[in-house]
Amino acid sequence: MKVKTKMLSLILVTVVCFGSSFATYAKNDNIDFKFKIRSLTRNSTYGKGRYRQTRNTNNQWKVQLNKSGEGKGTKTTFWLSGSDGEQVSPDAVAQQGKGAVYTKAYSSANERKVYLSGENNNWSLDGYEVSGVWDEETW
């Protein structure tokens, strides 16, 4: 009887230890980005997409604008897009140096690769570089 109990305990520990290592969980990451925002209000997209595994539109995405070629305290409009260019989230206006902005996504963003896209929030003939962190889902 003791041998059976010890054996079952060993099997249970093994399953818990190894089984949990294969599970993937989303978390609030800080994924670096750096790309050029085009002139006027033309769309720009960061080339490295990420898979948004959630089915829950309440699982917000985030963007934080750390540096902007427009200058300190300026704003840039960001959103998530699909590989086809479709906008799959509402706009999020991030201000340089003000921390992360969290926004829900549309259901069309669920279980697919998404990209961070952006545009100048004002009508300017100059493009500029932006950098910061983003995450396609935060929990």
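Structure notes:
- Some residue of segment 101-120 being modelled with pLDDT of 95 or more, over 16 Å from Glu136 (Cβ atoms) and among the acidic types (Asp, Glu): yes
- Scanning segment 94-121 for residues that are under 16 Å from Val133 (Cβ atoms) and out of contact with any Leu (no Cβ under 6 Å at 6 or more places or on another chain) yields Gln95, Gly97, Lys98, Gly99, Ala100, Val101, Tyr102, Thr103, Tyr115, Leu116, Ser117, Gly118.
- Residues in segment 42-79 that are in contact with a Ser or Thr (Cβ under 8 Å, 6 or more places away or on another chain), surrounded by fewer than 18 Cβ atoms within 10 Å (Cβ to Cβ) and not in a strand (DSSP E or B): Asn43, Gly49, Gln53, Thr57.
- Condition check for Leu125: outside any strand (DSSP E or B) and aliphatic (A, V, I, L, M): yes
- Taking every residue in segment 92-116 that is of a type in the set (Asp, Glu) and pairing it with any residue that is open to solvent by 60 Å² or more (accessible area, probe 1.4 Å), at least 6 positions away or on another chain, the pairs with Cβ-Cβ distances below 9 Å are Glu111/Tyr51; Glu111/Gln53; Glu111/Arg55.
- Gly99, sole failed condition from (1) under 24 Å from Thr74 (Cβ atoms); (2) assigned to a strand (DSSP E or B); (3) open to solvent by less than 60 Å² (accessible area, probe 1.4 Å): (2)
- Cross-chain or 6+ apart pairs with Cβ under 6 Å, segment 49-74 first and more than 19 Å from Ala105 (Cα to Cα), then open to solvent by 30 Å² or more (accessible area, probe 1.4 Å) and not in a loop (DSSP other than H, G, I, E, B): Gly69/Glu129
- Any hit, segment 25-37, residues being open to solvent by 60 Å² or more (accessible area, probe 1.4 Å), at pLDDT 95 or above and touching an Asp or Glu at 6+ places or on another chain (Cβ under 6 Å): yes
The values are calculated or read from the model by the stated rules, or taken from the named source; none is laboratory data. Every value quoted in this text rests on a predicted model; they were computed, and no experiment measured them. Backbone-built Cβ (ideal geometry, glycine too); neighbour counts: all protein chains shown. Quick note on the areas: whole protein, heavy atoms, side chains included, nothing else; ligands and nucleic acids left out. Shrake-Rupley method; radii C 1.70, N 1.55, O 1.52, S 1.80 Å.
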